[in-house]
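The values are calculated or read from the model by the stated rules, or taken from the named source; none is laboratory data. Just so we're clear, the structure is a prediction, and the values are computed from it rather than from any experiment. Neighbour counts are summed over all protein chains in view; Cβ atoms, including those assigned to glycine, are modelled from backbone coordinates with ideal geometry.
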Amino acid sequence: MSELLKNSIRFVVFLFVQVYVLNNVPPLHQFVVPYLYFLYILWLPFNMNRFAILVVGFIFGLSLDAYTKTPGLHAAACVLIAYLRPFMVNLLMAKDTSEFNYVSPSAKSMGWAPYATYVFVLTLFHNFYLLFLEWLQFGNFLYFIGKVSATTAVSFLMIMIVEMLFPRKQRFRTNTA
Amino acid sequence: MRNIFLFIRRYSIFFFFLVLQVIALTLLFSYRKFHQAAFMGIANNVTGRLNEEYNSVELYFKLKQKNKELLEENNRLRNLLSSNFQLRDTSFTLVRDTAKIDSTGLVRRFISFPAQVVDNSTSRENNYIMINRGSNQGIKRDMGVVSPSGVVGTVVDVSTNYAVVMSLLHRLNKVSAAVKKTGESGTVEWDGKNPLYLTLREIPKSVKLQKGDSIVTSRYSDKFPPDMLIGTVESVHSESGSNFHTVKVRTANNFFNVQYVYVIENLDKEEQQNLKSAIRNP
């Protein structure tokens, strides 16, 4: 399956899972909002143009916003992590293997520890920015901090579970490919 | 000049990032203020259709409970039938196109339309409900929405066949409410935390409230007919520095499974608003 097709299917699947499953989960606690959709942006291929990542992030966020009636909220957060993603990849990929032998970021292509760091930092940025924009309307600082940490913990946990449940087959790219 | 171009070229991705951020934030804050954004009309039509498909599946899981609720409502309405009373009451008709003033001298002020909920949320701090009735079916902005069990919210955005309702569970929603037994009026808001409870403010401390007292829509509301149930008093919190109670109200309506609602139109609204705006800009 080509990368384009694969990512187009993922776009729809992540969107619908977030809208019709996770957004319908009854609230467990006032701090906990299950966010998983932005994993789509973390899974985009390494060799994508940085402009393209920004554009895809914006469109993806805006599609979710059409469902949650918050035009721009998720788009802003998605654009932020789409912008930060290449920096994180450069920081965390070991220099000698940074010829990118694999197609996209995963535990296998980066190693568990760097991949977990990559996911954790971008999850934190995403949730911090998203909840910050929500919080601008009504301020209670402790509530904001509590919500960011709880939501980040839940998102991180869910992403790790997804990684274990759905291991992506990653071919080792050779020069001939 | 050359250096400027080099600078822009060097940081082009950063500038592109800033442009996208500005677009997103402009959309966000303009929608928060006016509940209208450039693309939301079209988007609502698309998401509305998908939500309707999803809802048609989800509906089956709730049929039993919905039947029970409709049965209860039918029963309540049946008890209001004029045939139950000795003196025949002909003052209310349910036909839209009759004259506004009927023969007994009563003037119809509110009229309701049925609608079905196609999308609902309760987990966010600003929750919206989407219904399958839009401007083509006579829905306008700022109409009130109620369910069989209580007040649901206010229409904030209308496309041709769908409408978005700001539910009571929204930080900006303020509904004029009153204590049923004594009539003092205040405002019901939501603090964004627990979807089971609302907050009622501006009830003077002279009113003795007890757990279980009904909170209804007030006579001053221009969206809802008076005496529609909003919720019941759960606990009363009185700060010593203030003259008013802060009342925790348990919602009458179950926001988790709201399915059928009625949209209420105030036929005198335009007149009321014209009068109000005439005062504001003399």
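Applying the selection to the range B:224-282, what residues are in contact with a helix residue (DSSP H, G or I) (Cβ under 8 Å, 6 or more places away or on another chain) and either in a strand (DSSP E or B) or exposed (fewer than 15 other Cβ atoms within 10 Å of the Cβ) (or both)?
B:260, B:266
Within the range A:30-46, is there a residue that is within 9 Å of chain B (Cβ to nearest Cβ) and among the hydrophobic types (A, V, I, L, M, F, W, C)?
Yes, the range A:30-46 contains at least one residue that is within 9 Å of chain B (Cβ to nearest Cβ) and among the hydrophobic types (A, V, I, L, M, F, W, C).
Taking strands (runs of 3 or more DSSP E) that do not extend beyond the range B:115-189, which have at least 2 residues that are within 17 Å of residue B:259 (Cα to Cα)?
Filter on the range B:115-189 gives B:126-131, B:144-147, B:150-158, B:163-170.
Sort out which residues of the range B:168-184 are surrounded by fewer than 22 Cβ atoms within 10 Å (Cβ to Cβ) and under 15 Å from residue B:246 (Cβ atoms), and write them in order of number.
B:174, B:184
Residue under question is residue B:17, and the condition is that it be within 8 Å of another protein chain (Cβ to nearest Cβ) and either outside any helix (DSSP H, G or I) or hydrophobic (A, V, I, L, M, F, W, C) (or both); does it hold?
yes
Can you tell me which of (1) away from chain A (no Cβ under 14 Å); (2) over 14 Å from the mean Cα position of the chain (by Cα); (3) in a strand (DSSP E or B); (4) under 30 Å from residue A:31 (Cβ atoms) is the one residue B:211 doesn't meet?
Failing condition for residue B:211: (3).
What number of residues within the range B:258-282 are among the hydroxyl-bearing types (Ser, Thr, Tyr) and over 30 Å from residue B:60 (Cβ atoms)?
The number of residues fulfilling the criteria is 1.
Kindly indicate which of B:30, B:112 is more than 10 Å from chain A (Cβ to nearest Cβ), within 30 Å of residue A:70 (Cα to Cα) and either at pLDDT 70 or above or within 25 Å of the chain's Cα centre (by Cα) (or both).
Checking each option against the conditions leaves just B:112.
From the set of residues in the range B:40-50 that are touching a residue at least 12 places away in the same chain (Cβ under 8 Å) and touching a helix residue (DSSP H, G or I) at 6+ places or on another chain (Cβ under 8 Å), which is surrounded by the most Cβ atoms within 10 Å (Cβ to Cβ)?
Taking the candidates together, the pick is B:44.
Just to verify a result, which residue in the range B:180-204, among those that are of a type in the set (Val, Ile, Thr) and free of Cβ contacts under 8 Å to residues at least 40 places away in the same chain, is farthest from the other protein chains (Cβ to nearest Cβ)?
Result: B:182.
In the list A:45, A:26, which residue meets the criterion of being surrounded by fewer than 16 Cβ atoms within 10 Å (Cβ to Cβ) and assigned to a loop (DSSP other than H, G, I, E, B)?
The match here is A:26.
Taking into account only those residues within the range A:55-69 that are facing chain B (nearest Cβ under 8 Å) and touching a residue at least 40 places away in the same chain (Cβ under 8 Å), which is surrounded by the most Cβ atoms within 10 Å (Cβ to Cβ)?
Per the criteria, the residue is A:67.
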